[in-house]
Structure formats: C-alpha cells, structure tokens
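The next block holds one structure in the form of structure tokens; read it before the comments.
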Amino acid sequence: MKIILFGASGMVGQGVLRECILDPGVESVLVIGRRKLGTLPAKVREILREDVGDLAPIADELRGYDGCCFCLGVSSAGMKEADYRRVTYDLTLKAARTLAEASPNLIFIYVSGAGTDSTEHGRSMWARVKGETENVLLSLPFKAAYMLRPGLIQPRHGIKSKTPIYRVIYILGSPLIALLKVMTPGLVTTTDRVGRAMIKLIAGSSAERVLENKEINRLAIS
C-alpha cells in the first residue's frame, strides 16, 4: 500500500505514522506538512507546503496512491467560527478535491471527533463545521471515504499531544483513562489503534462509513 499522511506531527498523526512504518504491508508513506519531522526511514518521504491545502502544484506527485489519512486539525477552543472553518472545512476540502482528481481510486480517511453533528444545525460550532466537512467528503468521488470519530484517545509509545493543556490532562488523567479502558472500553481508544484501523480500512473495506470509538477499536484488533 502507498499512503499519503497529513498531520503527521500531531498526536493522532504520530500514531498513524508509527503504525505505517511498522506495517510491512505499507510500501511507502508520503507525508505532507509545513515542517520537517526529522530523521525518517526510507519508506517515508516528505513534501513541505506552506499551504498544505494547496496541492495543485504537486498534483502529479499524488497519483497512484491507495489511501490518505487526513489527521490535520485544530482545537476549536478560543477560535471564532470563521477561523475554525478556514482550517477545518476550507483547507480539508481544498486538499481532498485535488486528491480525488489526482487519485480517484484512493480511500480517504478523515479524523473527525465524537459528537460531530451530521445535521449541520446543532448549537455546537465545532460539531456543525465538522459535520458539514464530513458530509462533503462523503460525497466526493473517491473509491471510498471514511469518517473516524474518536472520543478519548490515549497517546502511547511516547507520543504526546502538541497542545500543552491536553498534555497536562493526559498526565493527570492517566489513572482514570486506564480505568475507563477496563470499565467502558468503547469510550477510549489509543493512538496505535487509530493508526491500525486506518491501515485496515485502506487494505480492505467497511460497510460503515462513520466509525466511532467502538468501531475503531474493533477494526484495529480484528
């Protein structure tokens, strides 16, 4: 498999990249981002773009890929709707439309979030914008598109969130997260399980186009 990865420096993206590197079925990974990640194995290639949504200049380099893991995103905390929309909706769909044209047989996987509002009319700003983004992605002419809606994600294997407050929450809340994994496993997933689920979706298929934590975990360990 040949996979394109966005958001590889974020917590989820780090987990996906790790699983792609470890999986012998993944032939190569093209990481598209703004900054270099550092030393990477030979199967990983980077393309740096100041505007990661503007892929038209590199469209020829996007052909022939099997899947795209789109893990790029920002927290809506403290953001105005217009600013959040520019990153979450505008940038994502600009990139996705170029990918759909360059690699129509590609499987596109978008990391959304638990509580996303598919009706686009709820009171929560971030949930509406995510829901609208999901709906358009599902309508694009990909081989298939999947929306992952993880809730609580436990970072593993030394992976850390880029958001300082989230790092503190994960450290202080680790005993509770461990308890939740045992008592209510459907509420918690991990960075490696999200990565494994994405690879499984690209390698195979799923009747479900929108996957919550429970479906992510089931697919990852199947």
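Pairs of Lys residues in region 1-154 are counted when their Cα atoms are under 28 angstrom apart and they lie 8 or more places apart or on different chains; the count is 14. When the chain is described by a simple charge dipole with +1 on each Lys and Arg Cβ and -1 on each Asp and Glu Cβ, the residue from M125, S222, T88 located farthest towards its positive end is S222. The phi torsions of region 205-222, fed into the Karplus equation with coefficients 6.51, -1.76 and 1.60 and a -60° offset, translate into couplings of 7, 8, 5, 8, 8, 10, 10, 8, 3, 4, 5, 4, 5, 4, 5, 5, 9, 6 Hz, rounded to whole numbers, with Gly and Pro shown as x. Taking each DSSP H run with n ≥ 4 as -39500 (n - 2.57) and averaging over every residue of the chain yields -11500 deg cm²/dmol at 222 nm. The accessible area of D23, taken with all protein chains in place and a 1.4 Å probe, comes to roughly 20 Å². When the chain is treated as a Gaussian network with alpha carbon springs shorter than 10 Å, the biggest mean-square fluctuation among V111, V44, V74 belongs to V74.
Annotation: amide H-H contacts under 5 Å for V31 (H modelled 1.01 Å from N, sequence separation of 5 or more, or interchain): L5, R45, E46, I47. Among A203, V111, G10, which residue has its Cα positioned farthest towards the positive end of the charge dipole of the chain, with +1 placed on the Cβ of Lys and Arg, -1 on the Cβ of Asp and Glu, and the dipole taken about the Cα centre? Of the listed residues, the answer is G10. Computed over protein heavy atoms with a 1.4 angstrom probe, the accessible surface ordering of K214, K94, largest first, is K214, K94.
Under a 1.4 angstrom probe, counting protein chains only, how are T98, T39, T92 ranked by accessible area, largest first?
From most accessible down to least: T39, T98, T92.
Only Lys, Arg, Asp and Glu carry charge here, each on its Cβ (+1 for the first two, -1 for the last two); on that basis the chain has a dipole of about 600 debye about its Cα centre. Neighbours of I107 by Cβ distance under 14 Å: Lys/Arg scored +1, Asp/Glu scored -1, total +2.
For the chain, a Gaussian network of Cα nodes joined below 10 Å ranks A197, A56, A77 by mean-square fluctuation, and the top entry is A77.
The values are calculated or read from the model by the stated rules, or taken from the named source; none is laboratory data. Every value quoted in this text rests on a predicted model; they were computed, and no experiment measured them. When we count neighbours, we look across all protein chains shown, and the Cβ atoms used for this are built from the backbone with ideal geometry, even at glycine. Surface accessibility is based on the protein's heavy atoms, side chains included, excluding ligands, DNA and RNA. Shrake-Rupley method; radii C 1.70, N 1.55, O 1.52, S 1.80 Å.
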